[in-house]
Amino acid sequence: SMDGGDLEEAIDSLHNLEGEIEFIQKALSAILKYPLKELSKRLSVVESAKLHVSLAYTLNSLFYMYLKTQGEEIGKDHPVKKELERVQKYSEKIVNAQKRKEEGPKRRVDAGVARRLISAGVKRKF
């Protein structure tokens, strides 16, 4: 059974969650009011890759949270967990590519590789 303190803590948690969801909605609506293809054209290859990876991670995180609110157990082998890990690896690849670019002045990010990373990360169906 839940005592008064537990109930108050649960209500506070729900209010915090509600505030976070509103923040996410505002942030996503600011980005998604433009077609993603159009937005990507205005960005550098690295910025576009970061945008796509961030959106993929955000959407998967939201789905993860939804599943948790439905009482679903999400173990390490759950598809949404695996997808979050996969997207995180793409994020690390982008960071590493940027570091290599900064370390070597004559090195360039291969646009073809970046496009393949974006395509693999965003167009994959889950």
* Structure fact -> Rg/Rh of the chain (Cα atoms, Kirkwood Rh), to two decimals, equals 1.09
* Going from most exposed to least, what order do Tyr66, Tyr90, Tyr34 have by accessible area with a 1.4 Å probe? -> Tyr66, Tyr34, Tyr90
* Structure fact -> SASA check, Arg115, accessible area w/ 1.4 Å probe, all protein chains in place, rounded to nearest 10 Å², comes out at 140
* Cα long-axis angle, helix 79-103 against the chain (0 to 90 degrees, to the nearest 10) -> 40
* Two-decimal ratio, segment 1-51, of alpha-carbon radius of gyration to 2.2 N^0.38 Å -> 1.90
* Relative contact order [Cα under 8 Å, 6+ residues apart], the chain, whole percent -> 30
* Structure fact -> Given unit charges at Cβ for Lys, Arg (+) and Asp, Glu (-), the dipole magnitude of segment 6-67 about its Cα centre in debye, nearest 20, is 860
* Along the positive direction of the dipole of the chain (beta-carbon charges: Lys, Arg +1; Asp, Glu -1; about the Cα centre), which of Leu117, Asn60, Gly75 reaches farthest? -> Leu117
* Degrees separating the helix 45-69 axis from the principal Cα axis of the chain, which is the longest one -> 20
* Structure fact -> What helix-only [θ] at 222 nm does the chain give? Using -39500 (n - 2.57) per DSSP H run of at least 4, over all residues, to the nearest 500, the answer is -26500 deg cm²/dmol
* Structure fact -> Taking His78, His15 and ranking on accessible area (1.4 Å, protein atoms only), highest first, one gets His15, His78
* Size of electric dipole in segment 1-104: Cβ of Lys, Arg +1 and of Asp, Glu -1, about Cα centre, debye, nearest 20 -> 1220
* Asked: In straight Cα distance, which lysines are under 27 Å from Lys101, not counting same-chain residues fewer than 8 positions off?
  -> Lys37, Lys41, Lys50, Lys89, Lys93, Lys123
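The values are calculated or read from the model by the stated rules, or taken from the named source; none is laboratory data. Only a predicted model underlies this, so the values are computations on that prediction, with no experimental measurement involved. Using ideal geometry, Cβ is built from the backbone for each residue, glycine included, and neighbour counts are taken over all protein chains shown. Note: areas computed on protein heavy atoms with side chains; ligands, DNA, RNA excluded. Shrake-Rupley method; radii C 1.70, N 1.55, O 1.52, S 1.80 Å.
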